[in-house]
Amino acid sequence: SIDISTLTRKTGLTALDYGFVNTAATASKVTYIDGDEGILRYRGYPIEQLAENSTFLEVAWLLIYGELPSADELAAFDERIRRHTLLHEDLKHFFSALPHTAHPMAVISSALSALSTYYENGSSSNDPEQVELTTIRLLAKLPVIAAYAHKKSLGQAFLYPDNRLGFVDNFLRLNFGTMAEPYESNPVLTRALDRLLILHEDHEQNASTSTVRLVGSTKANLYASVSAGINALSGPLHGGANEAVLQMLAQIRDSGESVQRFVERVKNKEDGVKLMGFGHRVYKNYDPRAKLVKDSADEVLKDLGISDPMLDLAKELEQIALEDDYFKERRLYPNVDFYTGVIYKAMGFPTRMFTVLFAIGRLPGWIAHWREMNADPQTKIGRPQQLYTGSAVRDFPRR
Ligand code: ACO
């Protein structure tokens with residue numbers, strides 16, 4: 001095998017690759033994608049089979065430890081996560097310091113940084129026992145932090161987790177239960193959210209995972225690395241697209257503009273307007289996750305007896321775009337974000353929570369990559385090169 005780093009050092013060769021379109025930053029065993037064929041596999045298992053037959057926590061174990069868990073291992077993992085859901089009471093005051101208008105992505109990323117201050121002795125990236133504990137704490141506490149960010153925006157009291165409930169039901173109850181009214185679980189919604197979380201669990205070296213790895217390569221701990229990943233995810237070209245899709249659909253609906261006219265504006269790149277939820281750096285074919293999400297959207301809305309004009313609008317947009325040469329030539333298809341918002345909306349989540357749900361889903365992938373990187377003896381601190389294009393040397397003026 002060729003050691004590229006030695007080769008480039010010796011030859012002085014530097015590749016300039018904006019957006020890392022052709023540059024691999026690492027080798028990884030976690031996730032396989034074939035963007036031309038629309039294939040996604042976690043640890044070798046096709047996403048379609050996992051979405052159909054598995055659960056979020058089982059897939060989290062698979063991603064983090066490399067194999068499917070036995071029934072006993074999964075039960076112990078689940079039990080351990082349930083026992084770590086409580087937040088330190090003092091940490092709840094953190095939420096009081098923020099305005100109720102705060103974006104929940106900003107709330108959860110800063111809350112994770114704040115969370116690390118409670119575990120300073122144990123946040124070393126090198127101690128396997130502490131890494132294990134941090135893995136459990138993050139999986140247990142991020143959903144609680146996310147639900148509190150939601151409750152804070154509503155001005156409602158925070159509920160304590162009910163650890164008799166499963167992962168997804170506990171989370172839904174923390175979001176939608178109140179002191180006055182108990183949360184009534186709906187198995188269709190529980191299963192739908194579990195599936196959506198599975199679909200988001202990993203996606204190899206996307207921007208947020210690369211961020212987690214880059215931050216982690218400095219030996220920063222998991223809390224700091226995941227908090228940075230959440231910030232990377234918040235951008236509208238990445239996870240923030242699910243929020244942007246619903247805003248786009250609402251804007252089309254409210255403006256009275258026809259879908260065809262909107263698509264024309266996208267094609268003419270008027271004011272930089274894009275078809276949000278379309279296109280992907282890796283998929284040049286239908287995103288396999290988008291297919292599954294679209295089916296789920298139909299199922300959930302049918303079960304809830306909701307007919308949402310936003311779903312019809314999204315389907316009309318997709319139809320027009322898929323038949324249009326602009327999108328065909330550029331091989332632009334719906335990505336995972338195109339239909340998720342319609343489901344989250346039907347579940348009762350406000351638009352600003354959509355990317356937070358993505359973050360909860362992606363957490364096991366971030367953890368798996370951080371751990372893989374730290375266990376790899378080849379890992380070095382991430383430090384891209386640059387081509388300097390600034391001024392040549394010049395003298396500071398005499399005054
Ligand atoms: N709408 C309209 N045109 C688009 C879109 C879009 N959504 N996406 C790409 N294009 C066009 C570009 O303008 C460009 O056209 P050109 O050749 O005439 O200049 C061409 O398609 C290639 O696009 P790039 O921007 O070079 O593709 P890149 O791989 O860099 O970007 C990205 C991928 C960021 C996802 C892009 O498709 C996009 O902005 N999509 C909308 C935002 C979105 O949905 N993001 C979520 C991605 S999935 C995820 O993170 C979970």
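Just so you know, all these numbers are worked out from the coordinates, no wet-lab data involved. Every value quoted in this text rests on a predicted model; they were computed, and no experiment measured them. Note that we place each Cβ from the backbone using ideal geometry, even for glycine, and neighbour counts take in every protein chain shown.
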*Within a Gaussian network of the chain (alpha carbon springs, distance under 10 Å), most fluctuating of Arg82, Arg383, Arg331*: Arg383
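Are there any GluC sites (Glu not before Pro) in the stretch 298-379 that are in a DSSP loop and have at most 13 other Cβ atoms within 10 Å? List them by number. Spell out each step's value before the answer.
Numbers: sites: Glu299, Glu316, Glu318, Glu323, Glu329, Glu372; in loops: Glu323.
Passing sites in the stretch 298-379 are Glu323.
How much of the pair distance distribution for the stretch 139-184 lies past 18 Å, counting alpha-carbon pairs only, in percent?
Tail of the P(r) past 18 Å holds 17 percent of the pairs.
To the nearest whole percent, what portion of all C-alpha pairs in the stretch 204-350 is separated by more than 18 angstrom? Each step should come with its number before you reach the end.
Numbers: 6525 of 10731 pairs.
Cα-Cα pairs in the stretch 204-350 separated by more than 18 Å: 61 percent.
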_As a test of the definition: which semi-axes, in Å, follow for the stretch 170-218 when you take the square root of five times each eigenvalue of its alpha carbon gyration tensor? Largest first, please._
33, 15, 5
*What net charge do the residues around His84 carry, taking every other residue with its C-beta under 11 Å from that of His84, with Lys and Arg at +1 and Asp and Glu at -1?*
+4
*Note the full-extension length gain between Arg253 and Ala102 as 0.36 nm times their separation in residues minus their Cα-Cα distance, in nm to one decimal.*
51.7 nm
*Asp303-Gln385 FRET efficiency (beta carbon distance; Förster radius 51 Å; 0.05 resolution)*: 0.45
*Work out the charge dipole of the stretch 246-321 with +1 on the Cβ of Lys and Arg and -1 on the Cβ of Asp and Glu about the Cα centre, then indicate which of Ile320, Gly279, Ser258 is farthest towards its positive end.*
Gly279
*When the chain is modelled as a GNM with alpha-carbon springs shorter than 10 Å, which of Phe176, Phe56, Phe354 fluctuates the most?*
Phe176
*Size descriptor, Kirkwood hydrodynamic radius, that averages inverse alpha-carbon separations across the stretch 74-125, Å*: 12.9
*If you place +1 on the Cβ of every Lys and Arg and -1 on the Cβ of every Asp and Glu, how big does the dipole about the Cα centre of the chain come out, in debye to the nearest 20?*
1560
*Bin width 5 Å, alpha-carbon pairs only: give the P(r) of the stretch 58-160 as whole percents, running from 0 to the bin holding the largest distance.*
2, 11, 21, 21, 17, 13, 10, 4, 1
*With +1 on each Lys and Arg Cβ and -1 on each Asp and Glu Cβ, and nothing else charged, work out how big the dipole of the stretch 250-399 is about its Cα centre, in Debye to the nearest 20.*
1080
*asked:* Could you identify which residue out of Phe94, Phe167, Phe358 has the top mean-square fluctuation in a GNM of the chain using Cα springs shorter than 10 Å?
replied: Phe94
_Can you bin every Cα-Cα distance in the stretch 7-120 into 10 Å intervals starting at zero and give me the percent of pairs per bin, rounded to whole numbers?_
10, 23, 24, 28, 13, 2
_Selection from Pro384, Gly341, Ala244, by position along the positive dipole direction of the chain (Cβ)_ = Pro384
_Dimensions in Å of the chain - Rg and Dmax from alpha carbons_ = 22.2, 77
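Could you calculate the FRET efficiency of Ala27 with His93 from 1/(1 + (r/R0)^6), where r is the beta carbon distance between them and R0 is 56 Å, rounded to 0.05? Each step should come with its number before you reach the end.
Numbers: r = 44 Å, r/R0 = 0.78.
Efficiency, rounded to the nearest 0.05: 0.80.
Residue separation times 0.36 nm, minus the C-alpha to C-alpha distance between Arg399 and Arg330: what's the value? Walk me through the numbers before you get to the answer.
On the way: separation 69, 0.36 × 69 = 24.84 nm, distance 5.59 nm.
Working it through step by step, the gained length comes to 19.3 nm.
First measure r as the distance between the Cβ atoms of Gln49 and Glu129, then evaluate 1/(1 + (r/R0)^6) with R0 = 35 Å and state the FRET efficiency to the nearest 0.05. Let's see the in-between values first.
On the way: r = 33 Å, r/R0 = 0.95.
With a Förster radius of 35 Å, E is 0.60.
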*Which value in Å does the Kirkwood hydrodynamic radius of the stretch 182-276 take, with 1/r averaged over all unlike C-alpha pairs and then inverted?*
16.4
*Kirkwood estimate for the stretch 294-399, i.e. one over the average of 1/r between Cα atoms, Å*: 18.9
